[in-house]
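Report on the structure given below.
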Ligand code: NAD
């Protein structure tokens, strides 16, 4: 079985999209979920949806690019639920539509601080909390098909490649201590981020969606289900891996 009943999970970017789906799936499997986001309204809505379904969740307002905030968030999670075993480090933003030569440093810093430094800061504080418990832990970081291609804006693409490096390094370092670390690489998923892109460039967006052999967007829960499996004991031999969930996009 999944065997995550009663475990504690942190999900970042859980006010929306993929993070909300994972939070709901983990709660449905019996985990206590820390719903982490900068978006208070969306975060509270995720908690309400989980509670309506008889699950257990708390919203913890956090900016993942701010170390003091991340440290406080991990401590608040352990204080609330008594331990930490699972984490989906998923919060991420796109950069401005610009080429490599056009990007401003402010945009670069904003995207890199949120997407890549954010994942590192979360692991930096989650891993010691996992080791303090019974020494078992599982982490999934959200990369992208942009983590293996040049599809997207430069800072976004760079951070999604970088997340693979962070994932593999931590997987190697902590394998002997019982912590597994994997990455998921979603294709185009139907969330507010892709909807913004669709509104700005409807034709380009449709072409991009059609590049995936399945010829459709993915649903957030199609990622949430995979993350729940990777965080569960059924995935006990999976670590340092990159899991494509992209409707065949990278198979082309
Ligand atoms: P989304 O915008 O629906 O959700 C992202 C969440 O992250 C939002 O709730 C936002 O408030 C939160 N967030 C942003 N900055 C934050 C910060 N500094 N601290 C805490 N929370 C913050 O987007 P989504 O599509 O669900 O994306 C989730 C992840 O999946 C991202 O890392 C994204 O890059 C990745 N991804 C998405 C797609 C896609 O097609 N939607 C494809 C590949 C990868």
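Helix 118-132 and the long axis of the chain differ in direction by around 20°, with both axes built from C-alpha atoms.
Relative to the longest principal axis of the Cα atoms of the chain, helix 154-174 runs at roughly 30 degrees. Which part of segment 18-62 falls in the paramagnetic zone of residue 110, meaning amide N under 16 Å from the point 7 Å along Cα-to-beta-carbon? Correct set: 38-39.
Based on the convex hull around the alpha carbon atoms, the chain presents an average projected area of 12.9 nm². Looking at the square roots a ≥ b ≥ c of the eigenvalues of the Cα gyration tensor of segment 68-122, which shape do they give, rounded for a/c under 1.5, prolate if a/b is larger than b/c, or oblate? Taking the square roots of the gyration eigenvalues as a ≥ b ≥ c, segment 68-122 is prolate.
A protection proxy built from the mean count of other Cβ atoms within 10 Å ranks the segments 160-171, 192-203, 113-124, most packed first, as 113-124, 160-171, 192-203.
Grab the Cα-Cα distance for residue 204 and residue 100, subtract it from 0.36 nm times how many residues apart they are, and report the gain in nm with one decimal. Present the calculation step by step, with values, prior to reporting the outcome.
On the way: separation 104, 0.36 × 104 = 37.44 nm, distance 1.97 nm.
Additional length available on full extension: 35.5 nm.
If you average the sequence gap of Cα pairs under 8 Å that are 6 or more apart and divide by the length of segment 8-251, what percent do you get for the contact order? Reported relative contact order: 19 percent. Label-to-label distance for residue 72 and residue 51 is 2.2 nm, based on points extended 7 Å past Cα in the beta-carbon direction.
A Cα-only calculation for segment 55-171 places Rg and Dmax at 15.3, 49 Å.
Suppose R0 equals 22 Å; then what is the FRET efficiency for residue 196 and residue 252 from their Cβ-Cβ distance, rounded to the nearest 0.05?
0.30
Tell me whether segment 164-250 comes out rounded, prolate or oblate; compute the Cα gyration tensor, take square roots of the eigenvalues as a ≥ b ≥ c, and use a/c under 1.5 as the rounded threshold. Taking the square roots of the gyration eigenvalues as a ≥ b ≥ c, segment 164-250 is prolate. Helical runs assigned H by DSSP (4 residues or longer) give the chain a calculated mean residue ellipticity at 222 nm of -14500 deg cm²/dmol, each run adding -39500 (n - 2.57) before division by the residue total.
Between 0 and 90 degrees, rounded to the nearest ten: what's the tilt of helix 202-211 against the longest Cα principal axis of the chain? Around 70 degrees separate the two axes.
None of the figures in this text is laboratory data; all of them are computed from the coordinates on show. Because the structure is predicted, anything quoted here is derived from the model rather than measured. Here Cβ is always computed from backbone atoms with ideal geometry, including for glycine, and neighbour counts include all displayed protein chains.
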